[in-house]
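The structure under discussion appears below in the form of structure tokens.
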Amino acid sequence: MFNSLFKKTLTDILPKVRGKYLKNVPLSKHTWFGVGGPAEVMFIPEDLEDLSHFLLRRPYNVPICLIGGGSNLLIRDGGIPGVVIKLDSPYFRQIKVNENSITCFAGLKNIDLKKILLNEELGGLEFLCSIPGCIGGSIKTNAGCFGKCIKDVLLCATIVDGNGEVKEILPDDLQLSYRNSLFPDDWIIVSITLKTEKSTKEQINKILEEQKEYRIKNQPYNEKTAGSTFKNPEGLRAWELIKKSGCADLHIGGAKVSEKHCNFLINTGKASAADIETLGDTIVKKVKEQTSITLEWEVKKMGINK
Ligand SMILES: Cc1cc2nc3c(=O)[nH]c(=O)nc-3n(C[C@H](O)[C@H](O)[C@H](O)COP(=O)(O)OP(=O)(O)OC[C@H]3O[C@@H](n4cnc5c(N)ncnc54)[C@H](O)[C@@H]3O)c2cc1C
């Protein structure tokens, strides 16, 4: 009885913040795959000062990690111990239009850029509107499509480090490359400034429509997926290797390879994260056996098994 009366929970030892601490949050509701166990605590900071204060004052033995829109994540069934930070308050969804550039905060959904681009007649960022997820995650993964990626349009960024220190940085500091970045693990992207070009509503709409059509035709749409599962090895295409290795119709539990694009894995409705991970690992093994090439996961795996 004394034990339970005096036992401290994680939130008891976390610093006082103005944002929210939510306990035992099912992460399946925060990922496009629709799988994943709970976050022990989810922290939604009110603003940058609140986030910085948390980072400076938090107990250093408590693990922290960050999620964005959850469109590139496979969170395991046992969930994530410690604190999962999500930049989901209005402060982190701001967008500011400058001359020849826009500044987007990390929690802004990529798709919400669309309205601004059309209203302000700004081109050059249409590709980003078609990528699921938020700005912060798109920097981390150097997201790209239709021949363009974040690296091509990034002018500068603001980050906060693990000690709560806010820094302005240049693109080179993030070391962006194909679906990758090599900045320190404890850096959190707060906002980024992206280059824009003058355009017209008609031209922007035309590009957005063409991109949408392409995706509907070539990729699974309205499915529980996290996009391309594996990176394309240099000079090759992951989907071709998967097909060639006889993996195009593999399924495990409730997880299957998409019939439309075999580099996409699908949760058919009842998949566990373990089903999806086992399916992905099976593909890696078969492709290695058949082609001697080791596919690298593009989807980020987080958390612990059940
Ligand atoms: C249907 C579909 C199609 C897709 N098509 C494409 C495509 O064409 N091109 C492409 O590149 N990707 C594509 N993706 C993958 C995904 O949408 C992108 O990788 C996206 O940029 C991830 O953003 P997110 O906010 O969802 O990040 P999350 O998936 O939540 O997180 C991804 C990584 O970013 C980190 N992160 C998140 N926010 C921050 C931050 N503020 N600071 C530091 N790190 C952070 C997380 O810790 C994690 O490591 C697709 C996904 C789906 C479901």
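Annotations
- Dipole moment magnitude, nearest 20 debye, segment 1-116 about Cα centre, only Lys, Arg, Asp, Glu C-beta charged: 180 debye
- The convex hull drawn around the Cα atoms of segment 238-302, when projected onto a plane and averaged over every direction, covers 4.0 nm².
- Distance from segment 84-107 to segment 123-137 (C-alpha centre basis), Å: 12 Å
- Solvent exposure of segment 238-302 amounts to 50 Å² per residue of accessible area, where only protein heavy atoms count and the probe is 1.4 Å.
- In the full protein context, segment 1-116 carries 52 Å² of accessible surface per residue, based on a 1.4 Å probe and ignoring ligands, DNA and RNA.
- For segment 94-218, the mean projected area of the C-alpha convex hull, equal to one quarter of the hull surface, is 7.4 nm².
- Kirkwood Rh, angstrom, segment 2-86 [1 / mean 1/r, Cα pairs]: 13.5 Å
- Ligands, DNA and RNA left out, the accessible area of the chain computed with a 1.4 Å probe is 51% carbon and sulfur.
- In the structure shown, the pairs LYS206/LYS244; LYS231/LYS301; LYS140/LYS260; LYS86/LYS109 are assessed against 24 Å; a Cα-Cα span above that value is assigned to LYS206/LYS244; LYS140/LYS260.
- The Cα center of segment 214-255 and the Cα center of segment 24-72 differ in position by 28 Å.
- Among 215-227, 267-279, sorting by the average number of other beta carbon atoms lying within 10 angstrom of each residue, highest first, gives 267-279, 215-227.
- Charged-residue dipole, Cβ positions (Lys, Arg, Asp, Glu), the chain about Cα centre, Debye nearest 20: 840 debye
- Largest-first principal axis extents, alpha carbons of the chain, Å: 61, 51, 31
- Within segment 60-76, backbone nitrogen closer than 18 Å to the virtual label 7 Å beyond the Cα of GLU165 toward Cβ: 60
- Ordering of 65-75, 51-61 by packing [mean C-beta count within 10 Å, highest first]: 65-75, 51-61
- Stretch gain in nm, segment GLU202-ASN218, where the contour uses 0.36 nm per residue and the Cα spacing is subtracted: 3.3 nm
- Helical contribution to [θ] at 222 nm, DSSP H n ≥ 4, -39,500 (n - 2.57), averaged over the chain, rounded to 500: -8000 deg cm²/dmol
- A simple charge model with +1 on the Cβ of Lys and Arg, -1 on the Cβ of Asp and Glu and nothing else charged puts the dipole of segment 94-218 at about 500 debye relative to its Cα centre.
- Listed residue (GLN211, ASN110, ALA226) projecting farthest to the positive dipole end of the chain, Cβ model: ALA226
- Dipole of segment 94-218 [Lys/Arg +1, Asp/Glu -1 at C-beta], most positive-end residue of VAL160, GLY124, ASN180: GLY124
The values are calculated or read from the model by the stated rules, or taken from the named source; none is laboratory data. Note that this is a predicted model, so its numbers are computed, not measured. Cβ atoms come from the backbone with ideal geometry, glycine included; neighbour counts cover every protein chain shown. Surface accessibility is based on the protein's heavy atoms, side chains included, excluding ligands, DNA and RNA. Shrake-Rupley method; radii C 1.70, N 1.55, O 1.52, S 1.80 Å.
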